[in-house]
Structure formats: structure tokens, C-alpha cells
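Reviewing the structure listed below.
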Amino acid sequence: MGVIRTFIAAAGILTLVSSVQSAPIRLNESLDQIPIGLHIEFLKDVGGALSIDDVSSPAFAGTWFPSGETYPGFGFTGAVYWARFTLVNTTGKEIPFYLEQAYPLIHDLQLYVPNGHNAFRKIETGTRFNFSNRPCIHRTFVFPLSIEANSSKTYYIRQKTPSSMYFPLTIWSPSHFTASSVIEDRLLMFYYGMMIIMAFNYLFIYFLIRHLSYLNFTLFILSILLFIMSQIGVTFQLLMPNSPDLAGICPPLFLCLANLTSNRFILVFLQLKKNAPVFKKALDGQAIIQLLASCSAITIPFFDTYKLVMPVTAFMTVVSIITAFCAGIYLVWRRQRSAYIFAPISMGFLAGSILYVLRSFGLIAGSFLTTWSIVIGSATFLITMSIAMVDRINVMRKGLKLVSQKLEEEIKERSIELLLSEIVSKITEDRGKKAPAAGGISAYAPSIRTILDNQRDLAITKLSRDISIISNMDELREKTIRKAKELTQARKVYFFTIDEYNDMELRTFIDDLEGKRNGYCADIVEEVLDNGAPVITSSGSGQESPSVMCIPIKSADRTIGICYFEKAAADFGFTEKDSLLLMAFADNIVGVFENALQYRRKMSREDAARTYSITSVTKEKINKAIEYINANYTCDISREGLAASLDISPNHLGKFFKVQTGKKINEYINELRIRDAAKKLREQKQETIINIAFSVGFESLSTFNRTFLKIMGITPSEYKDRQ
């Protein structure tokens, strides 16, 4: 043992007394990418009191020591570290380059660029500054520099941080750095997207089956995603660029939350309370420590406890993963089905996490594997873990009973048309009645008219309660608006609903004036909302202004809706007769909508009390339906024809399609069409809106306009103008 200590001491002395600098870095026109770790020398400034004049003076020449690693690291330390390297340009022209410090959690980073004899230009950045302070807007620290022709320069870096002291320094050519950043950003965006999709997928599954493991798994995915984003600098860059203190607490806080949520997920998924009580107690104890660490992380900006909280949290991460892995191995020995997949896949995540933590503590050298191990490990773990989650769904599916069928929706256009026709006939005849002539057969006309009116009223009453009408409120609303447009010969119709808080919402519209004047006059609508009385006016000044009529829709003396009508300036304007006709039409139809609303509420209450599960056969049929719709959404797709081709009832197709996608079939088709239309509006500037509407599958411009506004929140013409 004494011989070994003597050898180590002798090696240390030789290192310290060596005054020979590391080999300089030679730059030329073929510069691509150079990791410069092996060319760096370091100086440890324990008190942090040294200045650039001190460390660059000959008096400190013997205190510098070489790196020996491509990506040097010194773990968690309170000392300040200086680094220096020399660049040599042997070419006959200036060479621009980027210097990247790829570890984004450096609190205080200072680069000293030689600027004349014994003079330096200081560039200061770090996580203690706002993100905009950085020389180059990038998630890591990037310094755009250049070196003159036939020159040699020695650069100095001063680094102080409560996080891990890590020096992954690289010199890039600007073009290669840009290309590499694009590829890296795309891969990271793919990773983020995959994680977010998985999180929402399992959150959706949780709401379907109400099993706590899916909620915990969702929270774990989001927590590990936020931790990784904070570790690679994306959280600071995108979410809180002007809050360095808040960004500083994110790595330990999100790591604590990831540990806590994974702890609860494993406990529920492996059913440790029943299968392994000892491991449950161990995880409960670790959860308490993680909860306390989470609270401590919040105090970092006030008490500067980062250097304590982060190492403890990193160490507890390894302990938690080892505990979970051991629990999985134990349950495999106990022949528990859920552990068969969990145990082997947790091994990869354990290895990746241990490598990352060891690198953070400076116990192993930095490399691509140790830097990205936690990203690779988490992605592999979560993707593979999905197999276990799907297996759990299949297991749970066997224990669930088939649910009662929902009340079938019967869309009967003829019934709605008949109802609207009866109402229009009633109000037009009531307004056109004349006094009967005296004597003769005409004396019986009042009695006959009374009988006919009673029959019509009875028919309207029955139709207003017809399940085929009130169960299809959307179709009823659309056809009612079209009938009102037909009665008034308007070019525009906008329909608003008013809730009990007097908040107004645009529900649907028809606009035939595409290219001339879109939208509605908000002031007129607000006036009707405030006064509760119809308004007939023009929406502008001058003879070319269009004519506008706006009427309230009332129920029990309360305004529940507003209809806005508009004609072109060349058309005949609205009259009081139009207003009275529409008010009478609204008074007769409002009862039908009240019945439809009551029916919808009733069905919503019943539907909320039910639970649905999709069999593997049904799921396969729904997937085939989705594939067919994705390939043929520009064509006319009927639910009945699609259901027949899949050997499933139209009702079941609609129900399970919504369970799997969260949307009705027509909503799903319309979203595909609108996305395609939006793309064409951006890329095909010369194409007319009506041609684009027809090309994506819409049969009328008004339907396209209405659907586009509903999904995109903006009219097609406004969207096209903004591109």
C-alpha cells in the first residue's frame, strides 16, 4: 500500500511541476468539428478570488494541469475552475469559428478573448442572466469568434456553478454547427412529441378506465420530460427565458417530481401493497424524502441550496431505480405477470441513469453516451413500458362487462324539414289572414281554418318532441339557420347563443359574400344583446352600405340567442315585416331547441355514468376506418357505407370511433379537410377559396367557411391574407 501511495504522489508532483502547455489546436479551412478537451489545461481556484491578470501571469504557470479527457468533468464542487487553450491559424486568412460549451447549467461563465498584448475582451454569460444575454441564441453556450491569419491566441474560460463542473467544449465551423443543430433539434422535437403523445394517450386511457397506474404513468412521463428539457437548457430557452432564478430550480424540482411520480407508478403498477409489502415501505420512505427535496428545491433562489439539493436528489434517483429494479426481480421470482416486462426494461433505464449520475459527480469521464444516456434510457424505458401498459389494458378488458348500447341517433332530414315547413306555413298564414265575407259557404271558413290550425299545432307539437329531431341538435340548428336565410333572402346569417351569465358565443354562420365583406358588425349585435329589441339598420355609412337586421331570440322573457342577418348593398333592404316574420319564426322554433337541449343534457348525464371498453376486434375495425378516412377524406364518406364495409352497425361505429379518437366521424373528417385546406391556402396563393373548398371535399362554400371558422377560429379569407 505504501508503494502505491508513493507512486501516486510522485505522479502528482510530476504533473504539477510540468510547465509544458497542452498541444495547441491548429485551425485551417477544412475546420469541421473539434472536441478540444485533450487540448485544455485547468487551474483550480478554491476561493474564487483570482482574476484574468493573475491566471495569465507567469507566476501561475506551474499551477495549470492538463485535462486528459475529451469531455473533462469535476463533479459537484464549490471551487472556481479556469480553463485555457491555444488556437493557431497557419493559413493566410481569417477563420471564423464557434466555441460551444455544451453543458447548459453553468451559473457563471466568462470567456476571455485575447485582444492585443496582455489584454483580454471578456464575454460573460450563464444561467444567472436572462437568456437574451447569450452571445448566440441557443440552448447551450455558443460564442461566435474568429482568429486572424497567421496568428496564435490563448483563450481563458472561468467557470463557476453549483451544478456539476463539466467542460464539454467543442470548436465548430459555423456551417457545420448550424447543420448539426438542425439535426439535433429535429431529434429532440421528435423525442418531445413522442413523450407528449404518450402522456396524453395514457391520460386519455386513465379517463376511460379510471385506473390510477395510468395517471401516475402520465405524470411520470411529463416529469421526466420536463427534467430532461431543463437539463439540456430547453426549459430556460423556451418556457422562462426572462426568469433565471425560476429556471434554476427546475432541474432538481423536476427530478424530484419524476422520482416521486415513478415511485407512485411502480407501487400501483406492481401492486406492491399486496405483492411485496417490504418494497412498498421502502418506496414510501423514499417518497417522503423526495417530497421534502421538492420543497427544498423551491427555496433555492432564497437560500442558495442548489449544491445540496441536486446531489442528494441525483443520489436518491439511483436508489429509487435500484429499489424498483429489485422489486421487479422479486416479483418475477414470485411469478407476477406485471413484472415480466417491467424487470428487464427497467435494467436499461437503471444503467442510463447510473451513467448520467456518475458523470454528474465526476466519477466517470464525459462522453456522448454519458451525456445522452438518460434521454436514450428514458425513451427506451417508456416505449417498452407501453407494452406492459397495453398488456394491462387487455387484462382489465377481460374483467369489464359490455356496456349498454347508447340510444341510437336517428338523423331524419325529412322530419326536420317537415317541422320547419309547418312552422313557416303557420306564421305566413297567420300574417296573411283576411276577414271572411258574410253569408254563403265562406261563413264556415273560420271553423275550417280553426280545425286546420289545430291540426298544424298538434303536428308541430309532436314533431318538436320527435326523438329523431331533438337528438340531432346540430343538424336542427343548421337547417333552422338556412330556413331563416331563405325567409329573409339574406346573404349572411350569424347565430349566437347567450348563456346564463350573459356570455355570447358564435355557434354557426352562413356567408355568401366571400371576397366582398366577411364577418358581422359587433356593435349591432351588442346593442341587441343589451336592449333585447330587434334592430334594422346598415353596417356602415353611405349608400353602398349593406342592410343589416339583428333580432333577439327569447325564452321566458330572457334573451337566449341572437340572429344577425345581412344583405348586400345592391339587394333590397330589410323591413319591419321581415323583423316580425323572423320574430314569429323564432318564437315557434325556440321550444324545439329547448327540448333538444333537455334531451342532450339527459343523454350527457346517462353517458357520464357509463364506462366503455373496446375489444381488440372492434379496435382493429376502428383503425381500418381511420386509415380509410385518412386516405379518402376528400370524397363523400357516409357513416352507413363505412360501417357496412367493416361489418359493424353505424351506431357502434360512431360510438367507438369517438371513444378511440375523441371525435365524431364528421368532426374527424372536417379536421382533416380543414388542415389540408389551410395548407393549400398557404402554398397555393393564386387559387380561389371556393376551388380549395371543393378540392378538399366540401360541397358548398358556406359549409367550408363555417367549418373553417369553427376549427381555425378565423375565416378562410382572413387566414389567406395573413400568410
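The values are calculated or read from the model by the stated rules, or taken from the named source; none is laboratory data. Model, not experiment: these values are computed from the prediction. Here Cβ is always computed from backbone atoms with ideal geometry, including for glycine, and neighbour counts include all displayed protein chains.
Details
- Scoring Cys136 on the criteria (1) in a helix (DSSP H, G or I); (2) free of Cβ contacts under 8 Å to residues at least 40 places away in the same chain; (3) more than 26 Å from Thr380 (Cβ to Cβ) leaves a single failure, condition (1).
- Whether a residue is crowded, with 16+ Cβ neighbours inside 10 Å and at positive phi was assessed, and Gly352 does not pass this test.
- Some residue of region 143-158 being over 28 Å from Glu29 (Cβ atoms), buried (at least 19 other Cβ atoms within 10 Å of the Cβ) and touching a His at 6+ places or on another chain (Cβ under 9 Å): no
- The single residue among Tyr103, Tyr71, Tyr98 that is at pLDDT 95 or above and either within 19 Å of Tyr166 (Cα to Cα) or not assigned by TED's automatic domain parsing to the domain that holds Leu369 (or both) turns out to be Tyr98.
- Looking only at region 589-625, and only at residues there that are of a type in the set (Gly, Ala, Ser), modelled with pLDDT under 80 and in a helix (DSSP H, G or I), the one that is surrounded by the fewest Cβ atoms within 10 Å (Cβ to Cβ): Ala608
- Identity of the residue in region 171-201, hydroxyl-bearing (Ser, Thr, Tyr) and touching a Leu at 6+ places or on another chain (Cβ under 8 Å), that ends up surrounded by the most Cβ atoms within 10 Å (Cβ to Cβ): Ser173
- Cβ-Cβ under 8 Å pairs, at least 6 apart or on other chains, region 200-218 side small (Gly, Ala, Ser), far side surrounded by fewer than 18 Cβ atoms within 10 Å (Cβ to Cβ) and assigned to a helix (DSSP H, G or I): Ser213/Val268
- Options Glu475, Glu527, Glu566, Glu486: the member that is within 25 Å of Met712 (Cβ to Cβ) and modelled with pLDDT of 80 or more: Glu566
- Considering residues of region 58-113 that are part of a strand (DSSP E or B) and of a type in the set (D, E, K, R) only, the residue surrounded by the fewest Cβ atoms within 10 Å (Cβ to Cβ): Asp108
- Identity of the residue in region 281-322, part of a loop (DSSP other than H, G, I, E, B) and free of Cβ contacts under 8 Å to residues at least 40 places away in the same chain, that ends up surrounded by the fewest Cβ atoms within 10 Å (Cβ to Cβ): Thr299
- Tally, over region 323-369, of residues that are touching a residue at least 60 places away in the same chain (Cβ under 8 Å), farther than 20 Å from Met389 by Cβ and in a helix (DSSP H, G or I): 2
- Residues satisfying the stated conditions in region 86-144, i.e. among the small types (Gly, Ala, Ser) and more than 25 Å from Pro72 (Cβ to Cβ): Gly92, Gly116, Ala119, Ser132
- There is no residue in region 253-263 that is aliphatic (A, V, I, L, M) and over 28 Å from the mean Cα position of the chain (by Cα).
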